[in-house]
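Let me begin by presenting the structure, written as structure tokens, before commenting on it.
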């Protein structure tokens with residue numbers, strides 16, 4: 001991965017390479033490490049897609065990589081213990097309301 005950097009207005013301007021193309025990004029300095037790691041992982045995933053799906057173009061590989069990340073992220077979010085705890089609380093509240101008779105609900 002090749003990149004350059006310049007500070008502008010509190011943001012760091014960096015160049016990252018993904019799927020053989022350069023992209024200029026402006027990010028907070030403290031985000032640089034995470035962004036570079038994410039770009040590296042995405043580039044690896046695009047290359048992996050290239051080896052598994054012949055005959056596609058880079059736009060297809062980028063889209064497939066994005067969909068892969070989105071689905072992984074959705075699964076991780078759903079399995080988050082804090083989210084599960086909140087869903088359980090809401091479910092109990094709903095069950096409690098549904099268990100009431102119409103007379104108990106009316107004001």
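The values are calculated or read from the model by the stated rules, or taken from the named source; none is laboratory data. These numbers come from a predicted model, not from an experiment. Heads up, the Cβs are rebuilt from the backbone with ideal geometry, glycines too, and the neighbour counts pull from every protein chain shown.
Does segment 68-83 include one or more residues that are within 15 Å of residue 19 (Cα to Cα) and part of a helix (DSSP H, G or I)?
Within segment 68-83, none of the residues are within 15 Å of residue 19 (Cα to Cα) and part of a helix (DSSP H, G or I).
Can you work out which of the residues in segment 57-67 that are touching a helix residue (DSSP H, G or I) at 6+ places or on another chain (Cβ under 9 Å) and either touching a residue at least 12 places away in the same chain (Cβ under 8 Å) or not in a helix (DSSP H, G or I) (or both) is surrounded by the most Cβ atoms within 10 Å (Cβ to Cβ)?
My answer is 65.
Determine whether segment 89-107 contains at least one residue that is within 21 Å of the chain's Cα centre (by Cα), free of Cβ contacts under 8 Å to residues at least 12 places away in the same chain and assigned to a loop (DSSP other than H, G, I, E, B).
Checked segment 89-107: no residue is within 21 Å of the chain's Cα centre (by Cα), free of Cβ contacts under 8 Å to residues at least 12 places away in the same chain and assigned to a loop (DSSP other than H, G, I, E, B).
Suppose the filter is surrounded by fewer than 13 Cβ atoms within 10 Å (Cβ to Cβ), at pLDDT below 85 and out of contact with any strand residue (DSSP E or B) (no Cβ under 6 Å at 6 or more places or on another chain); does residue 54 pass it?
It is true that residue 54 is surrounded by fewer than 13 Cβ atoms within 10 Å (Cβ to Cβ), at pLDDT below 85 and out of contact with any strand residue (DSSP E or B) (no Cβ under 6 Å at 6 or more places or on another chain).
Residues that are under 19 Å from residue 63 (Cα atoms), at pLDDT 95 or above and touching a helix residue (DSSP H, G or I) at 6+ places or on another chain (Cβ under 6 Å): which strands (runs of 3 or more DSSP E) entirely in segment 1-40 hold 2 or more of them?
none
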